[in-house]
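These notes concern the structure reproduced below.
The values are calculated or read from the model by the stated rules, or taken from the named source; none is laboratory data. Quick caveat, the model's predicted, so the values are computed rather than measured. Glycine also receives a Cβ, built like all others from the backbone with ideal geometry; neighbour counts cover every protein chain displayed. Heavy atoms of the whole protein, side chains included, go into the accessibility calculation; ligands, DNA and RNA do not. Shrake-Rupley method; radii C 1.70, N 1.55, O 1.52, S 1.80 Å.
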Amino acid sequence: MSQNMSERNLSLMKIGGISALIWVVLQVVGNGLHPRLPSDYAMSMEHIAMSKVWGVAHLILISDYFFLIPMIVGFAASFSPQPWGVKLAVPLMIVAVTVGIVQVALHPTTLRMLGEHYMHNPDGADRDFIVTLYQGFWAYNIVLEVGHLLLIHLVVLLVAIGMLREPIYKRWIGWLGIAGGAIAAISLVIGEVFLESSVLGDAITFGVGLLPSAVWLVTVGITLLRYKPTPSELEARGRA
């Protein structure tokens with residue numbers, strides 16, 4: 001038992017806890033600033049072009065991805081030994097972060113540019129072409145968004161399942177993570193696929209759907225920051 005406990009990396013655990021709390025804050029601020037776009041493509045481009053917080057909101061949302069990898073590495077460092085699901089969670093998160101940064105970066109660049117061209121181009125034929133371009137990029141954006149967010153929710157499920165057998169976590173924390181990951185994944189499919197990323201769809205995806213996972217992340221973050229090595233762990237580390 002002491003040998004297993006000595007495998008935990010307390011420094012990485014602290015980094016993971018801090019990263020989780022920062023990620024939640026950035027998500028709340030970024031999604032709070034993000035304008036809600038109507039379903040109509042032309043109206044969406046007008047909203048994007050006229051928004052004064054579009055760039056700031058997406059800068060915040062892009063920056064939060066850089067906390068996900070140290071977060072999941074820190075979470076993994078709290079397991080001793082690491083179950084296969086937790087080992088798989090780290091590379092899955094790296095893939096999700098890579099895709100997520102590309103997807104979110106489309107908004108302040110490509111979508112913003114199309115919105116501004118649409119607003120400054122009164123010609124009807126040209127506007128129709130811009131709407132067609134926007135529609136294509138938006139569909140590409142949705143595929144990337146749904147794909148990488150489902151990966152993140154899968155990571156949450158894998159880590160939360162592992163927590164059910166990890167003694168430093170109370171069992172309800174694991175069950176909260178399982179519920180949060182499942183609710184977030186279902187809400188994502190409903191909001192982005194069936195409701196087509198409408199105002200209601202975004203509210204379901206990034207509001208109701210992410211709330212349980214956010215509570216779970218805050219709980220895990222605090223747990224890691226408050227964790228103190230036991231005497232047997234300190235003794236095992238001293239012998240190592």
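Put a dot 7 Å past the Cα of D123, heading toward its Cβ, do the same for E46, and the two dots end up 2.2 nm apart.
Scanning the chain for long hydrophobic helices, with DSSP H runs required to stretch 18 angstrom or more by C-alpha along their axis and to average at least -0.5 on the Kyte-Doolittle scale, returns 10-33, 84-105, 124-163, 171-188, 211-226. Rounded to the nearest 500, the helix-only mean residue ellipticity at 222 nm of the chain stands at -23500 deg cm²/dmol, with each DSSP H run of n ≥ 4 adding -39,500 (n - 2.57).
As a calculated quantity, the FRET efficiency between V143 and W84 at R0 = 25 Å, using C-beta atoms, amounts to about 0.30. Annotation: lysines with alpha-carbon distance below 27 angstrom to K52 (same-chain offsets under eight excluded): none found. Taken along the Cα-to-beta-carbon direction at a fixed 7 Å, the label points for V53 and Q135 span 3.1 nm. Between the stretch 1-76 and the stretch 124-166, the C-alpha centres lie 15 angstrom from each other.
Given a 1.4 angstrom probe, I'd like the percentage of the accessible area of the stretch 128-240 that is carbon and sulfur, rounded to a whole number.
Values: 4120 of 5660 Å².
Percent of accessible area from carbon and sulfur atoms in the stretch 128-240: 73.
The residues of the chain expose, per residue, 49 Å² of accessible area to a 1.4 Å probe. Going through (i) 1, 4, 8, 9, 10, 11, 11, 10, 9, 6, 5, 4, 4, 3, 2, 1, 0, 0; (ii) 1, 7, 12, 17, 17, 13, 10, 7, 6, 4, 3, 2, 1, 0, 0, 0; (iii) 1, 6, 14, 18, 20, 18, 13, 7, 2, 0, 0, the figure that equals P(r) over Cα pairs in 5 Å bins from 0, in percent as computed for the structure here is (ii).
Listed by chain and number, the lysines whose C-alpha is less than 25 Å from the C-alpha of K14, apart from same-chain residues fewer than 8 away, are K87, K170, K228.
Give me the accessible area of D126, 1.4 Å probe, in Å² rounded to the nearest 10. Accessible area of D126: about 70 Å².
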